[in-house]
Structures are given as C-alpha cells and as structure tokens.
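Asks: For reference, the structure I am asking about is given below.
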Amino acid sequence: MKVLRIVANIQASDITLARRFYQDILGLDVIMDHGWITTFGAPRSMNVQLSIASEGGSGTPVPDLSIEVDDLDAAFAAMSASGFPIEYGPADEPWGVRRFYVRDPYSAARLFRRAKDAVAL
C-alpha cells in the first residue's frame with residue numbers, strides 16, 4: 001500500500017467564508033464544490049508532510065495548518081490588510097524559518113512559513 005494523498009478537513013458552519021481566506025487571498029483554486037464541502041487546491045504537485053507536535057516552538061501553540069509560501073512578507077501584508085488577526089510574528093526562528101500565525105475565519109490557527117534559505121521542506 002502507498003499513501004496517495006492526505007487532505008486536511010476543517011469543520012465549518014459557513015464554508016463560504018473560506019473563499020475569502022483560501023481563494024481570494026491565498027490564490028488557491030476551488031477543485032471541488034458539493035455545497036456542503038469545498039476543496040481548495042493548486043494545479044501543481046506539493047510535498048506531503050504530516051507533523052505531530054507537543055508545541056508550536058518559541059512558546060506558540062501547535063498550529064492547525066502550516067502553509068509554506070514563497071513570499072512571507074507579501075502573505076503577511078495581505079493577511080494584515082484583510083483584517084485577519086495576526087497572533088505571532090513575523091519572526092525569524094532559530095531553526096531556520098521565518099513565520100507568522102494568523103486566525104482564519106473559523107478561528108483556527110494557521111502558520112505561514114518560509115525557510116530562510118528558500119529551500120522548500
């Protein structure tokens with residue numbers, strides 16, 4: 001057996017709010033929409049990782065999702081301008097990433113990160 005895909009599912013009473021956060025700001029495409037579930041994605045392959053953590057590092061809570069971007073400062077500016085609450089950062093961490101935490105429309109913690117050396121993990 002080979003794992004082909006792992007999908008994060010976020011429970012929400014109003015899934016239309018996700019469009020602003022995940023489609024409008026992050027630029028993800030709607031790849032499936034059945035009314036009761038909307039799946040956002042990108043037309044390119046991405047690395048699959050599953051992290052199990054007891055803390056988020058530097059005294060932060062474990063984020064619900066980690067989203068790696070190519071331009072952290074642009075992501076931070078877009079989230080700040082949109083009014084989503086920034087809870088941490090941006091910060092350069094001792095383990096080699098620059099990151100910030102933001103709350104999505106469902107109050108879940110989202111971590112945005114970029115490796116300092118620009119190598120995707």
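Asks: Show the residue pairs that are 6+ apart or on different chains and have beta-carbon atoms under 6 Å apart, the first residue being within the stretch 49-61 and over 15 Å from residue 112 (Cα atoms), the second being open to solvent by 60 Å² or more (accessible area, probe 1.4 Å) and not acidic (Asp, Glu).
Replies: 53/62
Asks: Could I ask something else about it? For the stretch 92-114, which positions are part of a strand (DSSP E or B), open to solvent by less than 20 Å² (accessible area, probe 1.4 Å) and farther than 29 Å from residue 13 by Cβ? Step through it out loud before you land on a result.
Replies: So the first thing to find is which residues in the stretch 92-114 are part of a strand (DSSP E or B), and the list is 92, 97-103, 109-114.
This time we only want the ones that are open to solvent by less than 20 Å² (accessible area, probe 1.4 Å), so: 97, 99-102, 109-112.
The answer is 97, and nothing else.
Asks: Right, another one. Please find, among 70, 33, the residue that is open to solvent by 50 Å² or more (accessible area, probe 1.4 Å), acidic (Asp, Glu), at pLDDT below 95 and closer than 20 Å to residue 6 by Cα.
Replies: Working: 70 fails: closer than 20 Å to residue 6 by Cα.
Answer to the selection: 33.
Asks: Could you check how many residues of the stretch 76-108 are among the aliphatic types (A, V, I, L, M), free of Cβ contacts under 8 Å to residues at least 40 places away in the same chain and within 19 Å of residue 20 (Cα to Cα)? It would help to see each step written out before you state the result.
Replies: The first filter runs over the stretch 76-108 and keeps only residues among the aliphatic types (A, V, I, L, M), leaving 77-79, 81, 86, 91, 97, 102, 108.
Now restrict to residues that are free of Cβ contacts under 8 Å to residues at least 40 places away in the same chain: 77, 81, 86, 91, 97, 102.
Of the ones still in play, those that are also within 19 Å of residue 20 (Cα to Cα) are 77, 81, 86, 102.
Within the stretch 76-108, residues that are among the aliphatic types (A, V, I, L, M), free of Cβ contacts under 8 Å to residues at least 40 places away in the same chain and within 19 Å of residue 20 (Cα to Cα) number 4.
The values are calculated or read from the model by the stated rules, or taken from the named source; none is laboratory data. None of the values given here were measured: they were computed from a predicted structure. Cβ coordinates were reconstructed from backbone atoms using ideal geometry, including for glycine residues, and neighbour counts include every protein chain displayed. Quick note on the areas: whole protein, heavy atoms, side chains included, nothing else; ligands and nucleic acids left out. Shrake-Rupley method; radii C 1.70, N 1.55, O 1.52, S 1.80 Å.
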